[in-house]
Structure formats: C-alpha cells, structure tokens
Amino acid sequence: MDIFEPIGPQPTVVNETAAAVLARDSRGRVLCQLRDSFEGVAAPGQWCLFGGQVEAGESLRAGAVREFEEETGLRIDESDLRPLAQIGSTVKSDWNICIFALTTPVEPAQVRLGEGAGFAFLTAAQIRKFDMIETYQRFFDRFFD
C-alpha cells in the first residue's frame, strides 16, 4: 500500500481522486503543464503537474501512468513511481490529489504534449513566479522548503 504525506487540510468528503506525477529533468527542473483555456476546464490558463482523474476500478499508480502518457506521450512504468504527497484540491473541494515522484529523469525533447496549452521545465524560483493552481503552489511551497 502506498503511503502519501498529507499536506494541508484534507477533504472531509472525497468523491473523486486524481493522480499527478512530479517529473524532473536531468538538471532537476520540474515538468509542469499549462492548462487549456477551453470552456469547462478547471483552472484554465494556470500551471500544475501532469495528471488527472483516476477512473473507476483503476489503481492510483495505473491512473498516474495512464494520465501521464495521455498528456505527455511518455510511457512510464508503475515501478518508477514513488508516493510523495496527498493534498486536497483547492479547485474542486471534494477531490483528493495523490502526487507521485517519477524516479527516472525526463528530458524536454521526449515530451509530446497531448493535453494542455503548453509545458515547461521549471526551477523552484520560476515555479514561485508562475500562476500555479493554488493546490500545486501549496505542494511546491512544502516540497521546496
């Protein structure tokens, strides 16, 4: 069973769970996604980690692998994921987000954006300046302390 470090208040009622992946390149920069600005997209035009909703009957790891591949074009193995943190969504109050760290580096040329308006590999200083979804800003504040 995966153990995630809880960050901040957790939702009292969880109706949905999302899995996100903290991926880094060989320089230690974090791979982040710029969310689309389409109608109906949660937190349009803001930055976050790649990931998304875990489907019914799917494990957290399988959901993280599937979402990461759909959004980045990169196939990763469940064994390359290490449980990192669990945080309540500030966008959807009944969502819980489980963040995994990818243990193998990802390089910019490998990414084939399948979802989102863009991506970037960001340093801690850049992350503090970008318009991050509050949930992920809280995670990064804790992660980079």
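The values are calculated or read from the model by the stated rules, or taken from the named source; none is laboratory data. These numbers come from a predicted model, not from an experiment. So basically every Cβ, Gly included, is an ideal-geometry build from the backbone, and we count neighbours across all protein chains shown.
Details
- Flag for ARG75 being touching a residue at least 40 places away in the same chain (Cβ under 8 Å), among the basic types (Lys, Arg), surrounded by fewer than 16 Cβ atoms within 10 Å (Cβ to Cβ) and out of contact with any strand residue (DSSP E or B) (no Cβ under 7 Å at 6 or more places or on another chain): no
- Among residues of the range 101-134, those that are free of Cβ contacts under 8 Å to residues at least 24 places away in the same chain and within 15 Å of the chain's Cα centre (by Cα), counted: 1
- Failed item in (1) under 13 Å from the mean Cα position of the chain (by Cα); (2) touching a residue at least 12 places away in the same chain (Cβ under 8 Å); (3) over 23 Å from ASP2 (Cβ atoms); (4) surrounded by 17 or more Cβ atoms within 10 Å (Cβ to Cβ), with GLN137 passing the rest: (2)
- Apart from one condition, GLY57 fits all of (1) farther than 20 Å from LEU113 by Cα; (2) small (Gly, Ala, Ser); (3) surrounded by fewer than 20 Cβ atoms within 10 Å (Cβ to Cβ); (4) in contact with a helix residue (DSSP H, G or I) (Cβ under 8 Å, 6 or more places away or on another chain); the exception is (4).
- Taken together, the criteria place SER89 among residues that are in contact with a strand residue (DSSP E or B) (Cβ under 7 Å, 6 or more places away or on another chain), over 15 Å from LEU113 (Cβ atoms) and hydroxyl-bearing (Ser, Thr, Tyr).
- Evaluated against (1) modelled with pLDDT of 95 or more; (2) surrounded by 12 or more Cβ atoms within 10 Å (Cβ to Cβ), ALA43 falls short on exactly one condition, (1).
- Top-ranked residue in the range 1-25 [being acidic (Asp, Glu) and touching an Asp or Glu at 6+ places or on another chain (Cβ under 8 Å); ranked as surrounded by the fewest Cβ atoms within 10 Å (Cβ to Cβ)]: GLU16
- Test: residue in the range 6-15 that is outside any helix (DSSP H, G or I), closer than 20 Å to PHE119 by Cβ, out of contact with any helix residue (DSSP H, G or I) (no Cβ under 6 Å at 6 or more places or on another chain) and not hydrophobic (A, V, I, L, M, F, W, C): no
- Condition check for ARG142 on (1) more than 14 Å from the chain's Cα centre (by Cα); (2) not in a helix (DSSP H, G or I): one failure, at (2).
- Any hit, the range 29-52, residues being under 18 Å from ILE127 (Cβ atoms) and in contact with a Pro (Cβ under 7 Å, 6 or more places away or on another chain): yes
- Hits in the range 26-40 (condition: loosely packed, with under 13 Cβ neighbours inside 10 Å and closer than 19 Å to VAL106 by Cα): SER26, ARG27, GLY28
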